[in-house]
Structure formats: C-alpha cells, structure tokens
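Shown next, in structure tokens, is the structure this report addresses.
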Amino acid sequence: MDKRLEVYLEKVNKYLKGMTIDEREDIIKEIRSTMVDMQDDDLVVDQILERLGDPKDMAKAYLGDMITKTEGLSFKKVMMMIGYYSIVGISGMMIIPVLGIMSPTLILSGAVCIIAGFLKVIGEALGDDMSFIMVNIAGNSFSPFMTLIICIICGIAFIIIGVIMWKGLKYYIEKVSVGKKYIKA
Amino acid sequence: MDLEKWRSQIMRGTLEYCILLMLQKDTAYGYEILQRLSNYPLLSSSESTVYPLLRRLLKEGYLSSMWQETTEGAPPRKYYTITDTGKEYIKLLDKDWDTLNKTINELKGE
C-alpha cells in the first residue's frame, strides 16, 4: 500500500490512545480495507486522503462517539475521555479548572471585601475600630473612610474580573462541546 | 436560508435508523454501506461519521460483525449483520417514525 496511506493509518492509531489494542487494531484494519476498496474504485491516493479527512478528526470521531453515547462512567470511558481531551487540547485541562476555581473565588472575595469596608466604617461609628479589618499598602494604613473606598474599588474590580472569567469559561465549554456535537454529526 | 444546519440535524438523528434499515435487508461491509448511502443526497456521509456509528451499534448489540477474507488476496472486510435486538430496536424506531410522519401531515393540514 502507498506510504502516505500507511502514514495516515499510523496517525489514526496514535490518536486512538485510550482504546484497547484490540479495538485499535480492528478500527485500523477496517479503514485499511476501505482504502483498498477505494483504490479498486480507481480513487487515487490524494482522493482517498481527502475523503477520509484529517486523521485527528477520524480518531476524534471514534473517541467522541464512544464517550457521548456510552452510559455511565467506567474506567475505560475515563481513559477515552483523556484521549479525546488530549486531542481537543491540553488547554482544557488547564483552562477549565483554573477559571472554574478562580472565577467564583474572585467574585466571593470581591463581595467580602466590600462588606468588610462597610463593617470598618460602621464599627468606627459605633466606637469599635475593627482592627482585624485594615488596608495595608506598602506599610501605610488608612483611615476607616479611605479603607471603605479602597475596599469598594478592589471589591468591584475582583467581581468584574471574576465575572469575565466565568463568561470566558462558559464560552470555552460551549466551544468545546460544539466541537463534540460536530463530531457526532 | 441555511439548509445545511437543518439537514445535518435531521441526518444526525436518522442516519442510524437508515443504516439499520439497510442492514435489515442484507449484510454489508463498511465501504458498501457508505456507497449505498451516497446514492441518497441527504444521507451521503463520510467514513468518519459512519464507522464510529457502526461501532456504537455493535457495542449496543443491535449489530454483529464478522471479518471475512476476500478472494483476491485483498485485506479482509468487516461485514455487519443485524441482530434480533437490532430488529426489535427497528420496530420501536418505526413507530416513532410513523408518529412523526403523521404529526407532520397533520400540521400541514392534510
């Protein structure tokens, strides 16, 4: 068989990691037999490669279909998901947890910050200086009123950054799942 | 008007039904199934769509498969056959399909 077709099969095989060797062999064998059938139908190597598409997409289609359609979460499925996401991009393994943790934490911190600022001012008015709440920038402390202002500014900034991250996370997940839908089509 | 999206969505749901119907008539190998599908403009699909789908239908027990040697020394072919479970499954799909047809006709006012 043509070298380029062999290379194609090798690539698909490589991307199918996560599946058992038996399954991979079976898949490769079927694609190989299809290639021969296509050659018998007078398709040239370029046409065959064009029809089969990117080897990555081919492997993704196998992995994607198994992941989305098999029920339950088995060890095998987890292995396939790892395979799938390693194709989708390591980005997913970084972006989702990082944004997923940072975004709510920032929103929460922002809210706490603003509440603390108000507590400081209220405490001052009631005669308790609330010494556990203070703003310290480069060794300078601030009056309760200034503390409130700084708290509000920082709090709002934290919340805005948190919300942007949350939107980014949602956008990312949607993009990845659109990819998955496309695979199933 | 973007028909592509609508078509790909119908396809997604019906391709499996069509392949099962095709295999109910007779056993076929992957490339053969693809060739037959390509006779129908709406159903024409790529290897990367059909093969994983066949694989899933196998896993779900609706199909069985067998590697068969070819005569001229070419690599063996994987033949797909419908199982009894598959036939039962088709009956259920038939019902849904009929209902859908009736519903659409009713909505069209026929």
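Given the condition within 11 Å of chain B (Cβ to nearest Cβ), under 27 Å from the mean Cα position of the chain (by Cα) and acidic (Asp, Glu), answer yes or no: does some residue in region A:45-56 qualify?
Step one: of region A:45-56, the residues within 11 Å of chain B (Cβ to nearest Cβ) are A:48, A:50-56.
Subsequent filtering for residues that are under 27 Å from the mean Cα position of the chain (by Cα) retains A:53-56.
Next cut, acidic (Asp, Glu) only: A:54.
Within region A:45-56, one or more residues are within 11 Å of chain B (Cβ to nearest Cβ), under 27 Å from the mean Cα position of the chain (by Cα) and acidic (Asp, Glu).
Which members of region A:9-24 meet the condition of being free of Cβ contacts under 8 Å to residues at least 60 places away in the same chain and surrounded by fewer than 18 Cβ atoms within 10 Å (Cβ to Cβ)? Let's see the steps before the verdict.
Step one: list which residues in region A:9-24 are free of Cβ contacts under 8 Å to residues at least 60 places away in the same chain, which gives A:9-14, A:20-24.
Result: A:Glu10, A:Lys11, A:Lys14, A:Thr20, A:Ile21, A:Asp22, A:Glu23.
From the list B:Leu63, B:Leu23, B:Leu3, which one is more than 25 Å from A:Lys29 (Cβ to Cβ), of a type outside the set (Lys, Arg) and away from chain A (no Cβ under 12 Å)?
Values: B:Leu63 fails: more than 25 Å from A:Lys29 (Cβ to Cβ); B:Leu23 fails: more than 25 Å from A:Lys29 (Cβ to Cβ).
The unique qualifying residue is B:Leu3.
With the structure loaded, tell me whether B:Pro52 is within 13 Å of chain A (Cβ to nearest Cβ), surrounded by 12 or more Cβ atoms within 10 Å (Cβ to Cβ) and in contact with a Ser or Thr (Cβ under 7 Å, 6 or more places away or on another chain) or whether it fails that test.
no
Could you please let me know if B:Trp67 is touching a residue at least 60 places away in the same chain (Cβ under 8 Å) and surrounded by fewer than 16 Cβ atoms within 10 Å (Cβ to Cβ)? Even if it seems obvious, please write down each step before you answer.
Values: touching a residue at least 60 places away in the same chain (Cβ under 8 Å): no; surrounded by fewer than 16 Cβ atoms within 10 Å (Cβ to Cβ): yes.
No; evaluated as a whole, the condition is false for this residue.
Please give the number of the condition A:Phe132 fails out of (1) under 30 Å from B:Gln9 (Cβ atoms); (2) loosely packed, with under 13 Cβ neighbours inside 10 Å.
(1)
One residue is enough: does region A:25-33 have a residue meeting the conditions crowded, with 22+ Cβ neighbours inside 10 Å, at the interface with chain B (Cβ under 8 Å from one of its Cβ atoms), within 12 Å of B:Tyr51 (Cα to Cα) and not β-branched (Val, Ile, Thr)?
Yes; the residues of region A:25-33 include at least one that is crowded, with 22+ Cβ neighbours inside 10 Å, at the interface with chain B (Cβ under 8 Å from one of its Cβ atoms), within 12 Å of B:Tyr51 (Cα to Cα) and not β-branched (Val, Ile, Thr).
No value in this document is a laboratory result; all are computed from the given coordinates. Just so it is clear, the model here is predicted, and its values are computed rather than measured. Cβ coordinates were reconstructed from backbone atoms using ideal geometry, including for glycine residues, and neighbour counts include every protein chain displayed.
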